[in-house]
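Colleague: One structure, pasted below without further comment.
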Amino acid sequence: MITLDIINKKRLGKELSYLELFDIFNGYLDGDVPDYQMSALLMAICINGMTDEEIFALTKIFIDSGDRLDFSDIKGIKVDKHSTGGIGDKTTLIIAPIVASLGIPVIKMSGRGLGYTGGTIDKLESIPGYRIDLSEKEIVKQVHDLGIVITGQTGNLVPMDKVIYALRDVTATVSSIPLVASSIMSKKIAAGADKILIDIKVGNGALLTNREDAKKLSDLMIKIGEFYGREVRTIISDMNVPLGRCVGNALEVKEAIDVLRGKETDNNLTDLCIELSTDMVSMGLQISKKQAKEMVLNTIYNGSAYMKFLKLIERQKGDISKLKVSEKVIKVKSPKDGIVKKINALELGKLSLRLGAGKEEMDDKIDYGVGVKLNKLVDDEVKKGDVLFEMYVGKKEPEYNLDDIYKID
Ligand code: URA
């Protein structure tokens, strides 16, 4: 098939067949289709969208590009969860032990940060020694022994997504709904999930900035799930404000521990973690959400979720006693009295990245101890001179504009 004809067909808004999609995408993976042609096709998909048939075909092509993991001899319904990415999103560190402590096997293969959003694997690497490179054999053994694993992606799982995502990242084609849906769903299906929960973030700190798009993505992922015989549930959650108080790797691990120990009970992070865990438990144990929620809350009150977290860290060779945040702390104070009306998630993500919590350039080294901790949250009353947030600073001390971050009226 002629690559140019395939691109042109999509440019004209026509439907591509499975074979056409197969040829051009596999051609790209094999190095026969150059970046500029794949970029043109991705942009045409971004602008003209895809039919459901095309999306199912693309998801299959992605899944078939690599290995499929088989965890069928692990007893129990394996429920996987995926977030489309946000600022301060440490939900995996909290919900995985909650769900596992209720006997549902959790096999979580997490990723690194992208853009301004942090990744679970980077957060876990802030715990000295923690292994993120478990083999398939080690995963199976650990799930049998402990019921929980959080590791990096193993082996050759959806290699197509790796190359296409890298190209999307630099061609302004990341937020295409069909491309997001097939990227995420192919990874979840290839990783052997029986049921899947997707946390779709919407807001200025997320991939999608409006609810209509989030709803479209949700419907699409549910349809892909149906096509593959997987139950998919979705939650659309707000990403105009960061999740919880902390942004930055070690700080976020500490905050996750506080939630698991029942010390943080009244913010958006705890609420979302309870909501996500409730859905996962309801799917995994096939019980009502009401029953599931009671069980979830109990794992926090009785300490079993926190114990599971500690065992997970120990089993993967992490030393939680060596978790360190930067000792240099700058307190940022309010210039006036008022009420916090808004905290801009995106600006906090940028500040945290510039402090060194993420990579600005491919070769940068992450500073695990830096980040931001919010002292005042939305709707809090502040007096002039009150500390709004603390910056945990390492080698870099970036400039910022307070008005871009906090809106106080
Ligand atoms: N997360 C993914 O894994 N893929 C996307 O396309 C977007 C977010």
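The values are calculated or read from the model by the stated rules, or taken from the named source; none is laboratory data. Note that the structure is predicted; figures quoted are calculated from it, not measured. No Cβ is skipped: glycine too gets one built from the backbone with ideal geometry, and neighbour counts run over all protein chains shown. For accessibility, only protein heavy atoms count, side chains too; no ligands or nucleic acids. Shrake-Rupley method; radii C 1.70, N 1.55, O 1.52, S 1.80 Å.
Colleague: Between Thr91, Ile330, Ser175, whose Cα lies farthest towards the positive end of the dipole of the chain when Lys and Arg beta carbons carry +1 and Asp and Glu beta carbons carry -1, centred on the Cα centre?
Modeller: Ile330
Colleague: Assigning unit charges at the beta carbon (Lys, Arg +1; Asp, Glu -1) and nothing else, what dipole magnitude in debye, to the nearest 20, does region 224-314 show about its Cα centre?
Modeller: Details: 11 positive and 13 negative charges, 55 e Å.
It works out to roughly 260 debye.
Colleague: For region 107-115, what does the Karplus curve 6.51 cos²θ - 1.76 cosθ + 1.60, with θ = phi - 60°, yield as ³J(HN,Hα) per residue in whole Hz, taken in order and with x for Gly and Pro?
Modeller: 10, 10, 9, 10, x, 8, x, 10, x
Colleague: Could you give the radius of gyration (one decimal) and Dmax (whole number) of the Cα atoms in region 3-49, in Å?
Modeller: In order Rg, Dmax, the Cα atoms of region 3-49 give 9.7, 26 Å.
Colleague: Report for region 79-321 the percent antiparallel among DSSP-assigned beta bridges with both residues inside it, nearest 5.
Modeller: If we restrict to bridges inside region 79-321, about 5 percent are antiparallel.
Colleague: Select from Asp161, Asp219, Asp367 the residue whose mean-square fluctuation is largest in a Gaussian network model of the chain (Cα-Cα springs shorter than 10 Å).
Modeller: Maximum among the listed residues: Asp219.
Colleague: Over all directions, the average projected area of the alpha-carbon convex hull for the chain comes to how many nm²?
Modeller: Over all viewing directions, the chain projects a mean Cα-hull area of 19.8 nm².
Colleague: What is the percent carbon and sulfur in the accessible area of the chain, measuring with a 1.4 Å probe over the protein chains and ignoring ligands? Numbers along the way, then the final one.
Modeller: Working: 8800 of 17840 Å².
Exposed carbon and sulfur together represent 49 percent of the surface.
Colleague: Hey, in the GNM for the chain with a 10 angstrom Cα cutoff, which one of Ser182, Ser110, Ser72 fluctuates hardest?
Modeller: Evaluated over the chain, the most mobile residue of the options is Ser72.
Colleague: A follow-up question, please. By average Cβ neighbour count within 10 Å, what is the ranking of 346-359, 91-104, 242-255 from highest down?
Modeller: Output ranking for 346-359, 91-104, 242-255: 242-255, 91-104, 346-359.
Colleague: Hey, another quick one. Put +1 on the Cβ of every Lys and Arg and -1 on every Asp and Glu Cβ in region 193-310; which of Cys273, Gly248, Val296 then has its Cα farthest towards the positive end of the dipole?
Modeller: Selected residue: Val296.
Colleague: Shifting gears a bit: Could you pull out the pairs from Lys187/Lys342; Lys108/Lys331; Lys90/Lys359; Lys123/Lys407; Lys195/Lys342; Lys123/Lys187 whose alpha carbons sit more than 24 Å apart here?
Modeller: Lys187/Lys342; Lys108/Lys331; Lys123/Lys407; Lys195/Lys342
Colleague: Right, something else. Could I have the simple spin-label model distance between Ile77 and Leu167, label points 7 Å from Cα toward Cβ, reported in nm to one decimal?
Modeller: Distance between label points: 3.8 nm.
Colleague: If you don't mind, another one. Measure off 7 Å from each Cα along the Cα-to-Cβ vector at Asn204 and Lys322, then give the distance between these two points in nanometres to one decimal.
Modeller: 4.0
Colleague: Shifting gears a bit: Choose one of Pro34, Val143, Gln153: the residue whose Cα lies farthest towards the positive end of the charge dipole of the chain (beta-carbon charges +1 Lys, Arg; -1 Asp, Glu; about the Cα centre).
Modeller: So the residue we want is Val143.
Colleague: Also, quick follow-up: What size of dipole, in debye to the nearest 20, comes out for region 278-377 about its Cα centre when the only charges are +1 on Lys and Arg C-beta atoms and -1 on Asp and Glu C-beta atoms?
Modeller: Working: 21 positive and 12 negative charges, 80 e Å.
Once rounded to the nearest 20, the dipole reads 380 debye.
Colleague: Given region 244-298, report the % of alpha carbon pairs whose separation exceeds 15 Å.
Modeller: So the pairs more than 15 Å apart make up 50 percent of the total in region 244-298.
Colleague: List the aspartates and glutamates whose Cα sits under 16 Å from the Cα of Lys317, skipping any in the same chain fewer than 8 residues away.
Modeller: Asp122, Glu125, Asp133, Glu138, Asp145
Colleague: List the residues whose amide H sits under 5 Å from the amide H of Ile198, counting only those 5 or more places along or on another chain, with H placed 1.01 Å from N in the peptide plane.
Modeller: His82, Arg233, Thr234, Ile235
Colleague: For Ser321, what accessible area in Å² do you get when you roll a 1.4 Å probe over the heavy atoms of the protein chains, rounding to the nearest 10?
Modeller: The accessible area comes out at roughly 100 Å².
Colleague: Past 27 Å, Cα to Cα: identify those pairs from Lys311/Lys376; Lys263/Lys289; Lys81/Lys328, in the order given.
Modeller: The answer is Lys311/Lys376; Lys81/Lys328.
Colleague: With every protein chain present, what is the per residue accessible area of the chain (1.4 Å probe, Å²)?
Modeller: On a per-residue basis, 44 Å².
Colleague: Please work out the Kirkwood hydrodynamic radius for region 325-408, using every pair of different C-alpha atoms, and report it in angstroms with one decimal place.
Modeller: For region 325-408, inverting the mean 1/r across all distinct Cα pairs yields 13.2 Å.
Colleague: What does DSSP give for the chain in terms of the percent of beta bridges that are antiparallel, rounded to the nearest 5?
Modeller: Roughly 50 percent of the DSSP beta bridges within the chain come out antiparallel.
Colleague: Additional query: How large is the charge dipole for the chain, taken about the Cα centre, if only the Cβ atoms of Lys, Arg (+1) and Asp, Glu (-1) carry charge, to the nearest 20 debye?
Modeller: For this selection, approximately 1040 debye.
Colleague: Once label points are set 7 Å from the Cα along Cα→Cβ at both Glu226 and Asn401, what is their separation, rounded to one decimal in nm?
Modeller: 4.7
Colleague: Checking the cross-link filter: which lysines have an alpha carbon closer than 18 Å to that of Lys216, excluding same-chain neighbours under 8 positions apart?
Modeller: Cα-Cα hits under 18 Å: Lys201.
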